[in-house]
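The values are calculated or read from the model by the stated rules, or taken from the named source; none is laboratory data. Computed from a predicted structure; not experimentally measured. No Cβ is skipped: glycine too gets one built from the backbone with ideal geometry, and neighbour counts run over all protein chains shown. These area figures cover heavy atoms from the full protein model, side chains too; ligands, DNA and RNA do not enter into them. Shrake-Rupley method; radii C 1.70, N 1.55, O 1.52, S 1.80 Å.
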Amino acid sequence: REVYALYEDKYAEQDDPSDDIKALICVAYTNTVPTTERELDLYSQQACQDGKRGNIAVFYTVWSYEKGAGREIVNSVAKELNDNSRATKFVTLSPLTEMAERFHLRNGAELLEKHSSCQNFEYTL
């Protein structure tokens with residue numbers, strides 16, 4: 001699993017810009033799209049053994065501290081992982097909230113499936 005942070009450009013060269021975070025995102029790597037938090041944990045452990053990594057990047061938490069920063073971090077992390085061949089598919093494990101659904105649909109994701117406790121969206125590049 002990895003955590004990515006988006007900072008203001010003016011702080012990109014400083015050593016400790018921790019007070020100026022615009023957004024954060026958590027990513028797990030799996031080989032199967034998870035439908036629950038338990039599956040996310042299990043699938044990410046199974047896919048990342050013996051130095052291997054799953055080919056599906058699962059965005060499971062996004063914090064945005066500034067308008068537009070959530071969209072920016074989702075899209076930039078997906079592009080970075082795709083450009084570096086670290087993942088071939090980009091999905092979310094999102095809560096069943098109207099806010100999460102609006103966020104992902106407005107930012108170009110497609111609803112894959114709704115489940116009893118979460119929903120999955122897919123971003124394509």
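Observations on the model:
- Applying the condition of being without any contact (Cβ under 8 Å) to a residue 60 or more places away in the chain and farther than 18 Å from Thr61 by Cβ to region 99-115 and asking which residue is farthest from the chain's Cα centre (by Cα) yields Lys114.
- In the condition set (1) without any contact (Cβ under 8 Å) to a residue 40 or more places away in the chain; (2) among the polar types (S, T, N, Q); (3) open to solvent by 10 Å² or more (accessible area, probe 1.4 Å), Thr35 is compliant with all but (1).
- Candidate set: region 10-21, residues that are open to solvent by 30 Å² or more (accessible area, probe 1.4 Å) and either within 16 Å of Arg71 (Cα to Cα) or not charged (D, E, K, R) (or both); chosen: the one modelled with the lowest pLDDT: Tyr11
- Residue-level analysis places Ser94 outside the set of residues that are more than 15 Å from Arg1 (Cβ to Cβ) and open to solvent by 50 Å² or more (accessible area, probe 1.4 Å).
- Looking across region 38-79, the residues that are in contact (Cβ under 8 Å) with a residue 40 or more places away in the chain and open to solvent by 70 Å² or more (accessible area, probe 1.4 Å) come down to Trp63, Tyr65, Glu66, Glu72, Lys79.
- Across region 97-125, the qualifying residues are those that are closer than 20 Å to Arg38 by Cα and of a type in the set (Gly, Ala, Ser), and the one among them that is least open to solvent (accessible area, probe 1.4 Å) is Ala100.
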